[in-house]
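Worksheet: one structure, shown below.
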Amino acid sequence: MSITIEQEKTVVDGVPTQLFIGGEWRDGTGGRTLDVEDPSTGEAIAAVADATPEDAVAALDAACAVQDEWAAHPPRERGEILRRAFEAIVARTDELALVMTLEMGKPLAESKAEVAYAAEFLRWFSEEAVRIEGRFATAPNGQGRLLTMRQPVGPCYAITPWNFPMAMGTRKIGPAVAAGCTMVIKPAQQTPLSMYALAEILQEAGLPPGVLNVVTSSSSSDVSKPILSDPRLRKLTFTGSTEVGRRLVEQSAPGLLRTSMELGGNAPFIVFGDADVDAAVEGAVIAKMRNIGEACTAANRFHVAGRVRDEFTEKLAARLADMPLGRGVDEGVKVGPLIDGTQRGKVAELVADALGKGAEAVVGGRERDGAGYFYEPTVLGNVGSSARLLKEEIFGPVAPVVGFDDEEAAIAAANDTEYGLVAYVYTSDLKRAFRVCERLQTGMIGLNQGIVSNAAAPFGGVKASGFGREGGPEGIEEYLEIKYVAMAM
Ligand code: NAP
């Protein structure tokens with residue numbers, strides 16, 4: 001059944017639009033608001049509070065005021081709050097997905113998948129809250145005892161991007177809450193509604209005032225500076241571009257903050273000559289087209305063995321040509337708009353550069369006229385090695401295909417990037433699979449599958465894709481310090 005304009009308006013009107021500080025919803029002290037746009041129409045659908053630096057400090061004050069109390073809160077209860085929030089999110093999937101599609105653009109089915117993925121982090125960390133352990137050992141000389149305890153890092157500042165507006169939040173909120181850390185979170189200004197809806201759910205699930213504070217701002221730099229320079233802050237966790245990540249690491253240096261950086265990617269998708277080509281095409285559609293190509297894990301370049309390259313390219317082009325473009329709320333739509341005109345312009349520029357250097361558009365290669373920021377699903381063949389899109393993150397529905405001669409060349413091409421988030425490998429040779437996985441310089445690998453995201457696994461990159469891991473048993477470690485006690489006997 002299609003979604004009506006009234007339904008769209010009702011769900012958006014149901015989301016809080018004020019700052020969430022110390023358990024209260026309040027306007028920004030500057031009295032200003034910030035418009036939220038539907039990228040499929042370019043029209044404003046809501047206006048949220050626009051925080052000032054003073055509001056940011058108030059949010060940090062609220063987090064610091066309850067840090068000690070929250071650290072001492074029974075782990076079981078911390079876990080149960082997360083569990084209740086998980087259940088509430090699942091129960092409200094349809095409305096949360098609609099809000100997400102309206103502010104971010106992805107098709108409803110994908111928003112529902114993100115809501116489920118986001119909720120999983122709360123379930124996972126609800127289970128981890130009661131498994132924070134230390135150890136006890138006899139000193140090697142037999143004279144003393146060595147004790148370790150794991151304690152919350154302290155107040156955290158979290159900054160999230162617009163591409164996964166809810167999951168990038170729960171991946172940080174889940175482990176912070178489970179570990180006993182309080183936090184201030186700043187979602188991207190383009191997609192604040194999903195975060196406010198999430199904060200309201202956590203409040204209703206019993207999260208005490210001040211543990212989570214949310215600020216939205218039209219000037220992320222201005223609100224972040226006073227938080228980052230405050231000596232009470234102990235950790236910065238950031239998901240976003242490498243460029244901004246570098247700047248934030250510099251700003252974290254004076255305070256020697258613990259930092260987690262989930263940054264940009266440039267994922268190679270390698271198809272060996274012995275691969276099941278149909279399975280590789282299936283995986284390629286997911287790895288490329290999930291989230292309209294606007295994912296840090298998106299396959300950015302396809303390295304395909306010479307003998308299967310034409311078959312792979314034709315089959316991938318046929319699949320992408322068959323993906324209807326449109327508003328994410330409309331039935332049958334598989335590809336939504338890009339987030340804004342700037343992002344679409346960047347995609348168009350990268351495609352023009354590749355075409356200018358001899359590539360050919362097997363399918364797509366154009367913006368769509370009219371309202372919204374649509375770009376056609378695109379497959380490019382004959383892409384020259386100097387094309388910028390082999391080196392830069394495309395963040396759009398464009399698949400450049402290049403050939404390779406042998407395994408050594410494939411590995412070298414895959415690693416020829418400053419990024420190192422994820423790689424995809426398709427092969428039916430087990431020994432080759434291990435050889436290649438061991439040599440790829442990435443934090444994650446999809447082996448014969450086009451998606452790696454899983455709340456139970458450590459998500460993260462190496463090189464310019466950052467450091468730190470989110471999800472899995474490793475995820476909570478980012479929010480814990482180890483204290484060692486040397487005990488005389
Ligand atoms: P972005 O421009 O770096 O923005 C990310 C967040 O940082 C937003 O909340 C943004 O706020 C904020 N920000 C920007 N400049 C800032 C500053 N000077 N001080 C403090 N905060 C600042 O990235 P994006 O375009 O939103 O997201 C896309 C990028 O994120 C891609 O590179 C993608 O690969 C990466 N990403 C990585 C992962 C991962 O797990 N590795 C996951 C998802 C996305 P405003 O936008 O409100 O100004």
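Figures for the structure shown
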item: Candidates 293, 273 - the one that is within 15 Å of the ligand (Cβ to nearest atom) and either of a type in the set (Phe, Trp, Tyr) or modelled with pLDDT of 95 or more (or both); result: 293
item: Cβ-Cβ under 6 Å pairs, at least 6 apart or on other chains, segment 44-60 side closer than 16 Å to residue 187 by Cβ, far side of a type in the set (Asp, Glu); result: 45/38; 47/35; 49/27
item: Test: residue in segment 169-179 that is more than 13 Å from the ligand (Cβ to nearest atom), within 15 Å of the chain's Cα centre (by Cα), among the small types (Gly, Ala, Ser) and more than 26 Å from residue 32 (Cβ to Cβ); result: yes
item: Residue 202 among the aliphatic types (A, V, I, L, M), away from the ligand (no atom under 15 Å from the Cβ) and more than 27 Å from residue 82 (Cβ to Cβ); result: no
item: Exclusive hit being in a helix (DSSP H, G or I) and hydrophobic (A, V, I, L, M, F, W, C), set 207, 248; result: 248
item: Qualifying residue in segment 240-250 (condition: touching a Cys at 6+ places or on another chain (Cβ under 8 Å) and within 13 Å of the ligand (Cβ to nearest atom)); result: no
item: Residues satisfying the stated conditions in segment 17-54, i.e. closer than 25 Å to residue 336 by Cβ and assigned to a loop (DSSP other than H, G, I, E, B); result: 17, 39, 40, 41, 42
item: The lone exception for residue 160 - which of (1) more than 26 Å from residue 16 (Cβ to Cβ); (2) near the ligand (Cβ under 9 Å from one of its atoms) it fails; result: (1)
item: Of all residues making up segment 362-388, the number that are surrounded by fewer than 24 Cβ atoms within 10 Å (Cβ to Cβ) and either of a type outside the set (A, V, I, L, M, F, W, C) or under 20 Å from residue 337 (Cβ atoms) (or both); result: 18
item: Qualifying residue in segment 256-269 (condition: assigned to a loop (DSSP other than H, G, I, E, B) and either away from the ligand (no atom under 12 Å from the Cβ) or touching a His at 6+ places or on another chain (Cβ under 6 Å) (or both)); result: yes
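The values are calculated or read from the model by the stated rules, or taken from the named source; none is laboratory data. Keep in mind that this is a model prediction, so the values were computed, not measured. FYI the Cβ positions are ideal-geometry reconstructions off the backbone, even for glycines, and counts take in every protein chain you see.
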